[in-house]
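All remarks here apply to the structure that follows.
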Amino acid sequence: KVDSVAVLRCIGATARQVFGIYLVQAAAMGLAGAAVGVVLGGAVQWTLPRMLEGLLPVDVQIRLDGVAVATGLLVGVWTAIAFALLPLLQIRNVSPLSALRRNVEPIQGPGGDRLRMAAWGALAASVLLLIVVQAGEFDVGFSVASGIAGTLLLLWVASRILTRVLRKTPRSGLPYPLRQGLANLYRPGNQTTTVVLALGFGVFLIATLLLTQTNILRPLTVGVETRGNLLFLDIQPEQQPRVDSILVAEGLPVVESVAIVPMRIAAVNGDVVPRFRGTPDELEDSRDFAGENDGDPNTGGPRGWAVRREYRSTYRDTLGPAERLVAGEWWDRDREGPFDVYQVSLESEVAEELGVGLGDTIEWDVQGVRIPTVVTSLRVVDWARFEPNFFAIFEPAALEQAPRTTVMLIRATDEAARAAVQRDIVSLYPNISAIDLTLLQRALDDVVARVSVVIRFLAGFSVATGFIVLLGAVATGRLQRLRESVLLKTIGATRRQIGAILFTEYALLGVLAVIVGAGLAIVAGWGLARFLFDVDFGVEPLPLLALAAGIALLSAAIGLSGSREVFRSTPMEAIREE
């Protein structure tokens with residue numbers, strides 16, 4: 001709008017009047033944009049519940065909320081005003097002559113005056129206020145705002161570094177369109193920083209959501225094709241051979257067969273666990289054992305549940321697929337009993353609740369028989385997996401002779417075969433319980449799939465916003481591209497060569513945005529997995545590569561579509577426009 005500003009200044013408009021005119025225009029544009037956003041938000045509000053139809057336990061009544069609509073309109077207007085202050089302040093003191101000579105003398109606005117500093121402060125305060133209002137708590141909002149600011153700063157630094165690297169990269173052996181497209185990324189009037197910030201932040205958000213979703217849901221989806229879907233409980237030792245023969249006859253594989261031994265803790269490091277029914281004296285004994293200041297006196301402290309509960313444990317000589325050793329050593333497979341003290345491995349959290357570690361002793365009560373043990377290892381257990389997992393695992397010699405039942409996990413893909421084997425086993429042994437996990441797994445898979453769709457649907461808005469900014473950058477650089485095309489056409493460049501140059505430039509901008517945004521997303525995803533969700537972190541390259549290819553192609557397509565006028569304009573038209 002510099003030309004319009006120059007005309008207004010020449011016919012007597014003051015700097016304050018020009019500033020007010022365009023501030024009102026910015027507010028009106030913000031109101032119009034916010035109104036469109038309200039309409040789009042209403043459409044999304046009608047769409048999302050249908051994506052979750054059948055998943056939510058209640059019927060969602062969809063209606064527009066007046067407060068939300070008013071908030072959206074207010075936020076749109078205020079955002080437009082806050083972001084318009086800086087460019088408007090840049091021209092308020094520019095003379096008409098300087099504005100008319102802008103093509104040969106760049107506009108030099110006041111660099112460090114108080115109003116510009118106040119505008120920067122208002123802009124930062126506006127963003128922080130909006131985030132805090134959405135978060136509901138100042139600490140959470142401030143943390144989110146700091147994360148956004150840090151991410152944008154890293155994106156800006158990365159774009160500057162990439163620009164410097166590209167400037168020094170040798171290109172002598174490359175084709176001319178590729179050389180010219182690379183040069184457009186760092187020459188005056190380049191859009192590298194703007195596009196990397198816009199698209200890179202969108203890629204950062206959607207890649208972080210994708211990585212976080214993958215890592216959280218991986219334990220629920222690993223081994224979908226091999227995990228058991230039919231569970232048999234309470235198989236007695238004398239029933240085991242007959243059950244095995246039925247499964248062999250049906251041709252159904254046993255995914256896992258685990259012995260279960262019920263027991264209680266009798267003593268920890270020589271301290272006898274009190275047996276109580278709730279009388280005041282016995283409750284006092286329980287508090288003494290658990291620790292005077294260890295928690296709620298009505299429950300005996302945080303160790304109360306751990307010492308009073310009934311444990312269903314097992315014995316084996318190997319770690320399970322859902323377990324990971326974090327301290328100590330697993331016992332020797334060749335070790336045989338009987339011994340004075342047996343070895344036991346505890347889950348790390350229950351060991352913490354009991355206040356025991358490596359080398360501590362626990363005496364177990366197995367139906368009246370005392371089993372002395374020493375803790376030789378601690379494990380981390382992934383409880384989300386469809387497998388039998390245990391707080392305590394004993395070496396085989398400790399429990400091989402103990403009364404036990406067996407839990408068997410079967411894989412039966414055919415529905416008729418599942419029904420037949422359940423009928424045969426349960427009719428033969430009524431004490432055995434059969435649980436078909438297929439419906440549960442299907443429901444869980446459906447929940448995971450729907451949540452994934454919603455997450456990707458919402459994350460797509462961030463990338464869409466980046467492309468809108470890309471369109472704005474293309475429109476802003478239209479005159480610059482027209483001048484370049486005039487020069488190229490004058491020296492003999494064809495439309496195909498100009499198209500190849502533009503394609504190279506915008507495709508590389510998309511690739512740079514993906515590289516920076518995905519790199520930051522990997523770091524953020526690792527931090528979330530490690531410190532917030534406490535899950536193993538992994539990167540699946542195929543979704544990230546698909547995201548990279550899609551962003552690069554869309555960036556090139558938008559750049560080319562927004563530069564159509566470059567192909568149509570002749571050198572004379574561009575000169576006349578000047």
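The values are calculated or read from the model by the stated rules, or taken from the named source; none is laboratory data. On a predicted model such as this, the values are computed, not experimentally measured, just so you know. Methodologically, a virtual Cβ is constructed for each residue, glycine included, from the backbone with ideal geometry; neighbour enumeration extends over all protein chains shown. Quick note on the areas: whole protein, heavy atoms, side chains included, nothing else; ligands and nucleic acids left out. Shrake-Rupley method; radii C 1.70, N 1.55, O 1.52, S 1.80 Å.
Applied to the stretch 254-263, the Karplus parametrisation 6.51 cos²θ - 1.76 cosθ + 1.60 on θ = phi - 60° returns per-residue 3J(HN,Hα) values of 8, 6, 7, 10, 10, 7, 10, 10, x, 6 Hz, with x for Gly and Pro.
Of the peptides 248-260, 342-354, how do they stack up when ordered by the mean number of other Cβ atoms within 10 Å, highest first? Provide the component values of the computation, followed by the final result.
Numbers: 248-260: 15.4, 342-354: 20.7.
Result, highest mean first: 342-354, 248-260.
Amide H to amide H distances under 5 Å link R411 with N229, V255, where only residues 5 or more positions off or on other chains count and H is placed in the peptide plane. The phi-based Karplus calculation (6.51 cos²θ - 1.76 cosθ + 1.60; θ = phi - 60°) puts the 3J(HN,Hα) values of the stretch 434-451 at 10, 10, 8, 8, 4, 5, 4, 5, 5, 4, 5, 4, 5, 4, 4, 5, 5, 4 Hz, whole numbers, x for Gly and Pro. With unit charges on the beta carbon (Lys/Arg positive, Asp/Glu negative), name the residue among G510, G499, V523 whose Cα is farthest towards the positive pole of the charge dipole of the stretch 492-566. So the residue furthest toward the plus end is G499.
Binning the C-alpha pair distances of the stretch 126-260 at 5 Å intervals from 0 yields a P(r) profile of 2, 7, 10, 10, 9, 8, 7, 6, 6, 7, 5, 6, 6, 5, 3, 2, 0 %, listed from the shortest bin outward. With viscosity set to 1.002 mPa s at 20 °C, what whole-number translational diffusion coefficient in µm²/s follows for the stretch 332-425 from Stokes-Einstein and a Kirkwood radius over Cα pairs? Translational D for this selection: 135 µm²/s. Shown are R404, R379, whose ranking by accessible area with a 1.4 Å probe and every protein chain present, most to least, is R404, R379. Each residue of the stretch 504-518 is assigned a 3J(HN,Hα), and the resulting list reads 4, 4, 6, 5, 5, 4, x, 5, 4, 4, 5, 4, 5, x, 5 Hz, derived from the Karplus form 6.51 cos²θ - 1.76 cosθ + 1.60 (θ = phi - 60°), x at Gly and Pro.
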